[in-house]
Every structure is written in C-alpha cells, then in structure tokens.
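Notes for the one structure printed next.
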Amino acid sequence: MGLQIQNISKSFGIDVILENISMNVIDNEKVGLIGINGAGKTTLLRIISGELSYDGGTIFTPKDARIGFLKQDSNTHLGKTIWNSMMSVFEDVVRLEEEMRELEQKMSTGTDEAEHNRIMNQYAVKSEQFEKKGGFELRTKIMTILNGMGFESFDVNMKVDNLSGGEKTKLSMARLLLENPEILLLDEPTNHLDFKTMQWLEQYLKAYKGTVITVSHDRYFLDSLVDTIYEIERNKCTRYTGNYTKYLEQKKTNREIELRHYNTQQREIRHLEEYVEKNSVRASTAKMAKSRQKMLDRMEVIERPDGDLRECKFNFEITYPSYKDVLTANNISLMVNKSGILTTIAKNISLDIKRGEKIALIGANGVGKSTLMKTLIGKHTDYSGEFEFGRNVEISYYDQEQRFLDNKKTVIDIIWDLLPRSEESHIRSLLGGMLFHNEEVYKMVGDLSGGERARLMLLIIMIEKANTLFLDEPTNHLDLPSKEALDEAVNSYEGTVFLVSHDRYFLNKIADRIYELTPDGIKRYEGNYDDYLRQAESALSRQVSTAGKAASLSARSYEEEKRLKANIRNTTKKLENCEKVIEDTELLIEELNRKLEEFGSDYDKVKEIYEEIEKNNKLLSDTYEQWNKLSEELEKLKSEE
C-alpha cells in the first residue's frame, strides 16, 4: 500500500487553503503536484511531511516509510563543512568506522592471545556491519551525488556558511538524495540548477527506488520525470495519468466532453420543457406531458463545467518594425569586479541577430548571461570589443530582478505614469489582464509578491510596444497557466526576441536558435532546446559523419541559408494550419453525426446533413493528403540544413 491522503482540509484563520483533498499514490510513483500560486501545494507537502498540522481528513503512510522533504529555502548544517554535512547522513556508519579504527589500534598493541582473538572477533562483526551498511562505498556515493548536483569544482572542506542561498539548497538536495527516503517530497527542486545539473537530477529521480512527489513550475522537468499529475484547482484535487503535456491534453479533452454533455442535456431539457408547456393543458396530450414532466423531475442535472481560472492576457505588439540587421557583436569580453580586481568572466563573444528571430542565450550559472544582456543595453560598462544595433531598433528590457520598478508607487500609478492621458477604466482593464483586480491596483509595488512584480513588469513591456525584446528569465515567479500564456504571446510576437532562460519548456516553444555562452566563447545551435541537446550530445559523431555536409554549409551563401530557414518556417506554419483544419473538421463531422440522430425522422434534413458530412469528409481527406506531403517536404528541408 502506498501513500493515501483522504479529505485533507486546512485553513489559516478564515482563509481556506485546502478542502477535502484526496490523493492515492502507489509505491515508486513519480507525481507532479501543480496548481496556480496560492493553491496550497507547498502547504500540502508540509502536511504530508508532518511539519504542519491539518484540520480534517486522514493520511496513511506505508509502515516504516521514511519521508524526506526538500523545502524551497532549505538552509541546514551551518557551521559544518560540505563534506561533514554529507557525512552526517551516515552517523551510524561513521561511528562504526571509528570503532573499527580503535580496534585496529588495540590489535597493533601487545596483548595476550585470548584478548587478541576477542578483539579480532569484535572487529569481524563490526566490519561485516560496516560492509552491509555500504561503508566501503560511502565516499564514492557522496562524491557521485555532490558532482551530480554541481559541486565538482568546490572544495569539500568549505564551510556551508560560505555558500550562496541557492548552493545551500542544492546541498540540502544532495543530502536528501543520500538519505534515500522511501517517500521524497520536493518543493521546486530545479530552482538554482543549471541545465547540466537538471539533466542529472532528472535521470537520478527516474531511477529512484521510492515515491517522488514534486511541486514544480518547471514543465520540462515534469514532462521528463512524472507519470502522474495531481492538480489542485478550486479546492479540488484531480488526478491525470501521464506527464505535464499529457495533462494539458487530457484537461482540454475533459473540458470539451463535459461541456458537450452539459449542452446536450440542456437542449434535451429545453425540448422537454417546451413540450410540457405546450401540451399539459390539452386533454389529448396531457398524459404525455405529465410523462415528460416526470422525466424532467428524475433527471440528474449536469452542472455547467467550470471555465479556466483567471489567466494573464499577454499580447506583445510593435509600433513599427526594425531594419533587417538588429544586432551585430564582435569579439566581446565581459569583465566584473571581484574583490577590487577587474576579472574577465567570458570572452570571444560574437552575435548576429536578424529581424524576427527568437534567440536564446544559455550557459552555466555565473558565466555572464545576464551581464552580457546588461552590457548590450548599456547597463554594464566593463567590457571590451564592439557591438552595434541596426536602424529603428527599439528595445524593451525585462530585468529578472525587476530593479527598475519604483517600490514607493502603487500598481495603478506605475501604469498611469506610462499612459497619463488614459481613462481609469482603461488602466484598470490593462491591470485586470495581469490579474490585478479591484483594490489590488492600489497595492504598493514594494509589497508585491514575485509573481505580481513579474506580471507588472511584463505589462510595462507590452505598453512600450518595442520591436525588440530583451528578456532575462521572464518565466521566473510565474505559475503554470501564466507561463503557458506567455509562451503563446512571445511565440506570436512579430518582433525580435533575445532571451536568457532556464525554462527548457519555454526554450523549446520559443527559440529558433540557441547561443551557449562559455568562459572561452560562444557556441551557436540552430533550433530549440531539444535540437540543442541532440546537437551537443552528438557533436563529435556528427562532425565525422557529415563532414561533406559541413563543408557545403560553410560554403553556402548567407542568402541561401536564410532562404532554407524561411522555407522551413513557412512549411512548418502550413503544417500547423493543416492540423488546425483537421481538428476543426473532425469536431464538425462529430457534431453533424449527432444531428443525424436528432433529425432521424426528417428525411430532407437528414439528406442535407449527409451532404454536409460528405463535403467535410472530402475536405478532411484532402487536408490529410496535404499534411503528408508537407511532412515529407519539411523532413527533406531539415536534412539539407
């Protein structure tokens, strides 16, 4: 039997956080717990861990199951070194080893034979216990996890106090993995991790012999790891089988089915009510009307399905386009002040960004991604090399720390200052699209949460209508629905985008080129994050197998390369249009088939519906044929890259 949660409720004062929440988690299941900010996800983890009491319901955990809980702000073992912090997980094993050393010391001193044999027997027993507890592999296990969690370049004798907040959280995660509890609760485990560490963690948790329940806004992580999603929405907890992408599909399908059933029943109710109203007073039909009324009385009325919760309405527009060349950078070196010494953190940086491109900048933590972005917009001046923006380039900059917001102003004043001639109703409408309603518009900016500040900053960028967006970690602090809305808005934006992000799902949706920043230069990869992974992992084999292709690519003119990319983009868009037509036509045919049943006795109407079905079947067949041709064409174009 796994972890069972039944009808858990929790309130803080008059605020109901959780109500009748139930989950049934089987052994070794990997679960993603999702919901909007404030839905109660972290509260539920704290309740499961035993850290927080609950008002009602029951929790059953498997006998002898240990629960490990990683919090977002885990800062433990201050005063210890990294190594001692890790070793403290195995205090019993360390104690055994110390006892073995003491026995070895006794064996080396002169003792009589009987005493020597007694010590030898003690040593044999403790040595066997030490081996069973994994003592001989202990140091290897610790170093494997430390290296995997990104501590390979750290001195293990460094004090935990000297680590940054993010590094302390990573160390807490490493300790938790070392403890190997049967139930692992993780609250935003990918925060503070670079791509390499995230990949290592995903693979480690996939193979983890235990139950994992994770709260995460990292959609790529959820896609890669979990096999079940529980969503807390409107105080209800709903289970979806599969990863995050499957959840999105299932939720959309469920809503459509529920709405279809609701509409069908509403039509039936209207027909019955009209019949009763028309026929109940006539003697010849009163009996039938009474029968219909009984049907209405017995009917279990389906409630109208809830719509989506409030979502942000992002829409990035441009006032006018830039010229074709947006940014050219040559041989830039970035310097930062470290203890009074100007130190180069990255060099040999060259960029070439054209109008309409969506470029992502990735790299290890601390390599200089944000510094490069600040250098290009003039906020960081310690650099060498040169860069130039093209004509008519206007930039809006999203600062991940939102330092440009005035904490002493209210939310409504921030926006009104940008649009001084606008009516209050218009300002409120804009803020409502960012989920600031009623009295929330009078909040002081300094009192806003991270998510609220992020939404306000994005609204400012929307109002500026620049043709080039510089976005530094724009998905930080956003909940999953807001991230999905931002994906769509940035994807639809007609201007140029240069972004820094650790959100791999976002990179997959948005980027058509990735630059990887390293201390020694910059590497260019065409495509999104998955394309980058494939190219990076198989770089050596690809160089060997495609030497001829690489030679021809290097010889290809710039115009030819651009033409190929344009063809790929155009063909991809045509494919997406076909898929939309197919989806809409299939839904229409389904609706027409339902109408056939409804008008079964009306010959003329049935004939008309049949003709409509045939016409749409023909459209569906033709579109499928076009889709197949476009798929082959796209595959051929990609092979020429």
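Only helices enter this figure: runs of n ≥ 4 DSSP H residues, each worth -39500 (n - 2.57), summed and divided by the residues of the chain, yield -16000 deg cm²/dmol at 222 nm to the nearest 500. Placing unit charges on each Cβ (+1 for Lys and Arg, -1 for Asp and Glu) gives the chain a dipole about its Cα centre, and among I613, I47, I67 the Cα reaching farthest toward its positive end belongs to I613. The simple Förster model, with R0 at 60 Å and r as the Cβ-Cβ distance, assigns D112 and S538 a FRET efficiency of 0.35.
A Förster radius of 30 Å combined with the Cβ-Cβ distance from H261 to N20 puts the calculated FRET efficiency at roughly 0.80.
Taking the inverse of the mean 1/r over every pair of distinct Cα atoms in the chain gives a Kirkwood hydrodynamic radius of 29.8 Å.
Placing +1 on the Cβ of every Lys and Arg and -1 on the Cβ of every Asp and Glu, with no other charges, gives the range 561-639 a dipole of roughly 880 debye about its Cα centre. FRET efficiency for the pair Y624 and Q129, taken as 1/(1 + (r/R0)^6) with r the Cβ-Cβ distance and R0 = 56 Å, rounds to 0.25. Toward the positive end of the charge dipole of the chain, with +1 on the Cβ of Lys and Arg and -1 on the Cβ of Asp and Glu, the farthest Cα among S350, T228, V367 is that of S350. Mean projection of the Cα convex hull over all viewing directions, computed for the range 220-286: 6.4 nm². Amide H contacts of V500 (H built 1.01 Å from N, in plane; Pro and chain starts excluded): L361, L471, D472, E473 sit under 5 Å, all sequence-distant by 5 or more or on other chains. Counting only DSSP beta bridges whose two residues both lie in the chain, roughly 55 percent are antiparallel. Projecting label points 7 angstrom from Cα along Cα→Cβ for E423 and Q250 puts them 4.6 nm apart.
Be a star and scan the range 385-414 for residues whose amide nitrogen sits under 11 Å from the point 7 Å along the Cα-to-Cβ vector of D447. 410-411, by backbone N distance to the label point.
Rounded to the nearest 20 debye, the dipole size of the chain about its Cα centre is 360 debye, using +1 on the Cβ of Lys and Arg and -1 on the Cβ of Asp and Glu. Going from the fewest other Cβ atoms within 10 Å to the most, the residues H217, H477, H261 appear in the order H261, H477, H217. The range 186-226 and the range 160-176 have their alpha-carbon centroids 17 Å apart. Fewest-first ordering of L486, L637 by other beta carbons within 10 Å of each residue's beta carbon gives L637, L486.
Counting only DSSP beta bridges whose two residues both lie in the range 325-537, roughly 55 percent are antiparallel. Per-residue Karplus couplings for the range 291-297, computed as 6.51 cos²θ - 1.76 cosθ + 1.60 with θ equal to phi - 60°, are listed in order as 5, 5, 5, 5, 4, 5, 5 Hz, Gly and Pro entered as x. Each label was represented as a point 7 Å from its Cα along the Cα-to-Cβ direction; for D27 and E579 these points are 4.0 nm apart. Phi-derived couplings, Karplus 6.51 cos²θ - 1.76 cosθ + 1.60 at θ = phi - 60°, listed residue by residue for the range 475-485: 8, 4, 6, 7, 7, 4, x, 5, 4, 4, 5 Hz, with x used for Gly and Pro. In terms of other Cβ atoms within 10 Å, I395, I613, I26 run from fewest to most in the order I26, I613, I395.
Ordering L448, L405, L458 by Cα displacement along the dipole of the range 325-537 toward the positive end leaves L405 in first place; charges were set at the Cβ atoms of Lys, Arg (+1) and Asp, Glu (-1).
The amide H of K354, built 1.01 Å from its N in the peptide plane, has V326 as neighbours under 5 Å, considering only residues 5 or more places off or on other chains.
Whole-Hz Karplus values for the range 238-243 come out as 10, 9, 10, 7, x, 8 Hz, taken residue by residue from phi with 6.51 cos²θ - 1.76 cosθ + 1.60 and θ = phi - 60°; glycine and proline positions read x. Close amide H pairs (under 5 Å, H built 1.01 Å from N) link G56 with S9, residues at least 5 positions away or on another chain.
Structural descriptor for the range 145-242: relative contact order 24 percent, calculated from alpha carbon pairs under 8 angstrom and at least 6 residues apart.
A full extension of the chain between S291 and N616 corresponds to an added length of 113.1 nm, given 0.36 nm per residue minus the alpha carbon distance.
Read-outs throughout are calculated quantities, based only on the coordinates presented, and are distinct from any laboratory measurement. Please read all numbers here as calculations on a predicted model, not as lab measurements. All Cβ positions, glycine included, derive from the backbone under ideal geometry; neighbour counts span all protein chains shown.
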